[in-house]
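The values are calculated or read from the model by the stated rules, or taken from the named source; none is laboratory data. None of these values were measured; they are calculated from a predicted model. Here Cβ is always computed from backbone atoms with ideal geometry, including for glycine, and neighbour counts include all displayed protein chains. These accessible areas exclude ligands, DNA and RNA; they are computed on the full protein's heavy atoms, side chains included. Shrake-Rupley method; radii C 1.70, N 1.55, O 1.52, S 1.80 Å.
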Amino acid sequence: RVFISYSSKEKELGGKFTACLKTYCGYYTFIAHDDMPPSSIFEEEIIKAIKKSDFFIPLISKQFKISNFTDQETGIAVDNNKKIIPIKLEDVNPYGFISKYHALQYRSYPSTNYLRKDNLKELSLAIAQIGLSYDTESLYHTKAVNSIVHAFCNSSSFDTANAIIKTIVEYDNFNQSHLKQITQAIEKNSQIAGAWGLQDLKKFLQKKYEIALDE
């Protein structure tokens, strides 16, 4: 579960980032306004969502610093010992209680670049790796592995499958349930079956887990 904190001025970007985290990480994300229940009390729902979250991701910018709610959301996350992963939208570093955290950098590309508008996909995959890097006995790690397997099994495009495969082959602690889900997805999901990275995944499964899949 991820809580994304952002200035209302960056709502569109926050929505795109939410979609990427769902697609490439399999994470459940909460983004204020879009995920607020009808007639809910705004402040109560915000506090509840932060407390339920595993990761707190502030999208830091000049607008973030002057927002009415973002600093308060950050304070709640710190007070509740949430894992914090700052994203810099501009040349503005984490500050206050989260100044000690290293931030990932968001980048947008010129409109002439038709293949890549920004690096949101790369940021999402980096966050997936952060989740997988936690101690294998921790709940964060367990949730991260379950989430990446879920994302892979539900790949809706060749691009998605290829991106997640790169994460999977760098990880070596899947259990039997995960491996069953992965192999079944290879057989049943056409977007995975047609991905150019599939051969790398098959080699990984053969070498690490002695799972041989028919060509």
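A few notes on this one:
- Residue 96 being open to solvent by less than 10 Å² (accessible area, probe 1.4 Å) and within 23 Å of residue 13 (Cβ to Cβ): no
- Filtered by the rule that a residue be open to solvent by less than 50 Å² (accessible area, probe 1.4 Å), out of contact with any Phe, Trp or Tyr (no Cβ under 6 Å at 6 or more places or on another chain) and more than 14 Å from residue 21 (Cα to Cα), the range 119-142 gives a lone residue, 138.
- Under the condition of being within 20 Å of the chain's Cα centre (by Cα) and either surrounded by fewer than 19 Cβ atoms within 10 Å (Cβ to Cβ) or among the small types (Gly, Ala, Ser) (or both), the residues counted in the range 56-81 number 4.
- The residues of the range 160-204 that are over 23 Å from residue 135 (Cα atoms) and of a type in the set (A, V, I, L, M), listed by number, are 161, 163, 185, 186, 192, 193, 195, 198, 201.
- Search result, residues across the range 143-193 that are among the aliphatic types (A, V, I, L, M) and open to solvent by 20 Å² or more (accessible area, probe 1.4 Å): 169, 193
- Looking across the range 194-215, not a single residue is closer than 13 Å to residue 152 by Cα and loosely packed, with under 11 Cβ neighbours inside 10 Å.
- Pairing residues of the range 169-180 that are over 18 Å from residue 137 (Cβ atoms) with residues that are open to solvent by 90 Å² or more (accessible area, probe 1.4 Å), at Cβ distances under 9 Å and at least 6 apart in sequence or on separate chains, gives 169/203; 169/208.
- Extreme residue, farthest from residue 183 (Cα to Cα), among residues of the range 121-145 that are among the hydrophobic types (A, V, I, L, M, F, W, C) and either part of a loop (DSSP other than H, G, I, E, B) or in contact with a Leu (Cβ under 8 Å, 6 or more places away or on another chain) (or both): 123
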